[in-house]
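The values are calculated or read from the model by the stated rules, or taken from the named source; none is laboratory data. Because the structure is predicted, anything quoted here is derived from the model rather than measured. Backbone-built Cβ (ideal geometry, glycine too); neighbour counts: all protein chains shown. Surface accessibility is based on the protein's heavy atoms, side chains included, excluding ligands, DNA and RNA. Shrake-Rupley method; radii C 1.70, N 1.55, O 1.52, S 1.80 Å.
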Amino acid sequence: MPRNLIDITDLSVEEINQLIATAEDIIANPVKYQDACAHKQLATLFFEPSTRTRLSFESAMLALGGSTLGFSEASSSSTAKGETVGDTIHTVSCYADIIAMRHPKEGAPYAASQFSEVPIINAGDGGHNHPTQTLTDLLTIRSLKGKLSGFTIGLCGDLKYGRTVHSLVKALSRYEGVRFIFISPEELQIPRHIITEVLEPSHQDYREVRSLEEVIGELDVLYMTRIQQERFFNEEEYLRLKGCYQLDEAMLRLAPADMPVLHPLPRIDEISTDVDNDPRAAYFDQVHNGVYIRMAIILALLGIPDPLTGKTVLDH
Ligand code: NCD
């Protein structure tokens, strides 16, 4: 069985740190890696819209000297004719060495991995998980704060459907002394299973609040998210909740001077564009880091050794 990345907990904390270290080495020495994936192919199978995740996977594979193939909407694949995910994956794994897959159904990448001869990467499954965005977020936090432990993070917006939040909480709860402040309307609270299965067993300190303004002054990192319109069952409820948080320069004046603002993007109206020029705006740093961490992920899952040391990133 190949190694897959379906859930962030598929990686140990040591492996996460190793992937981050590899991404940092790629940033420092890109030339060393430019042919590491020569003659390898990455397939991107996106059954849901994407800009950054799909393009950063493709950019990552090209920067490693490999090539890419795939589709960016289900309607242009045989799924539109009724083909099952299993048959699609079975087919694509004959063409590609590794597959990044995004799907609206929770668990679809896991199901796909049962049919695949090659590694499967979950590039987002419904409102569930998004492990490669989490690795991007961790690389960004580490580069800006110098550590992944002993800080307070505020996660704000749609914590119910925001898959990036679920994976990030799972990952950070495994580092020492991370304090979580969940900022959301009652209807979009962090799922109870994350509290009972992730936060309580890890004994991390957490709190749930409604107002961003009230807590922004005590945060070391702020993670904003959009309200996930496509996951609502009821359009009226979306219309009522949209626009519930709006971070602007005036509110940022209440925040610490060294509190980075992260957002997985796309943003709608939850961060006003006047924040973009603030030195704390880190969301375009995340976009940048997304390519390097995905280069590290591809190398790791393919078991390709470091061109200089001959060591692989992960044990297989
Ligand atoms: C996120 C996603 O797809 O979950 N985007 C991304 O991958 N950078 C966040 C979102 O869509 O809100």
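Remarks
Residue by residue, here is whether (1) at pLDDT below 95; (2) surrounded by fewer than 18 Cβ atoms within 10 Å (Cβ to Cβ); (3) over 19 Å from the mean Cα position of the chain (by Cα) holds:
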| residue | (1), (2), (3) |
| --- | --- |
| Ser76 | yes, yes, yes |
| Thr79 | yes, no, yes |
| Gly82 | yes, yes, yes |
| Ser93 | yes, no, yes |
| Gly107 | no, yes, no |
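- Verdict on Thr273 being among the polar types (S, T, N, Q) and free of Cβ contacts under 8 Å to residues at least 24 places away in the same chain: yes
- Of residues in the stretch 19-70 being closer than 20 Å to Val92 by Cβ and aromatic (Phe, Trp, Tyr), the one farthest from the chain's Cα centre (by Cα): Phe47
- Yes/no for Gln189 being away from the ligand (no atom under 16 Å from the Cβ), in contact (Cβ under 8 Å) with a residue 24 or more places away in the chain, under 16 Å from Ala171 (Cβ atoms) and open to solvent by 20 Å² or more (accessible area, probe 1.4 Å): no
- Scanning the stretch 120-148 for residues that are among the polar types (S, T, N, Q) and within 15 Å of the ligand (Cβ to nearest atom), we see that the one that is nearest to the chain's Cα centre (by Cα) is Gln133.
- Enumeration of residues in the stretch 112-147 that are of a type in the set (A, V, I, L, M) and open to solvent by less than 10 Å² (accessible area, probe 1.4 Å): Ala112, Ile120, Ile121, Ala123, Leu135, Leu138, Leu139, Ile141
- The residues in the stretch 260-287 that are among the aliphatic types (A, V, I, L, M), near the ligand (Cβ under 10 Å from one of its atoms) and within 21 Å of Leu241 (Cβ to Cβ) can be counted, and the count is 2.
- Within the stretch 282-310, being closer than 25 Å to Ile227 by Cβ and in contact with a His (Cβ under 9 Å, 6 or more places away or on another chain) holds for Ala282, Tyr283, Gln286.
- Filter result for Ala43 (surrounded by 18 or more Cβ atoms within 10 Å (Cβ to Cβ), in contact (Cβ under 8 Å) with a residue 40 or more places away in the chain, under 18 Å from Thr136 (Cβ atoms) and touching a Phe, Trp or Tyr at 6+ places or on another chain (Cβ under 8 Å)): no
- Meets criteria (without any contact (Cβ under 8 Å) to a residue 12 or more places away in the chain and not in a loop (DSSP other than H, G, I, E, B)) for Leu199: no
- If only residues of the stretch 274-291 that are among the small types (Gly, Ala, Ser) and touching a strand residue (DSSP E or B) at 6+ places or on another chain (Cβ under 7 Å) are counted, the one that is farthest from Lys145 (Cα to Cα) is Ala281.
One line per residue, one yes/no per condition, for (1) modelled with pLDDT of 95 or more; (2) open to solvent by less than 30 Å² (accessible area, probe 1.4 Å); (3) under 20 Å from the mean Cα position of the chain (by Cα); (4) closer than 24 Å to Gly162 by Cα:
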position	(1), (2), (3), (4)
Arg253	yes, no, no, no
Val287	yes, no, yes, yes
Ala300	yes, yes, yes, no
Leu308	no, no, no, no
Lys311	no, no, no, no
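- Residue, least open to solvent (accessible area, probe 1.4 Å), within the stretch 46-62, restricted to residues that are within 13 Å of the ligand (Cβ to nearest atom) and small (Gly, Ala, Ser): Ser56
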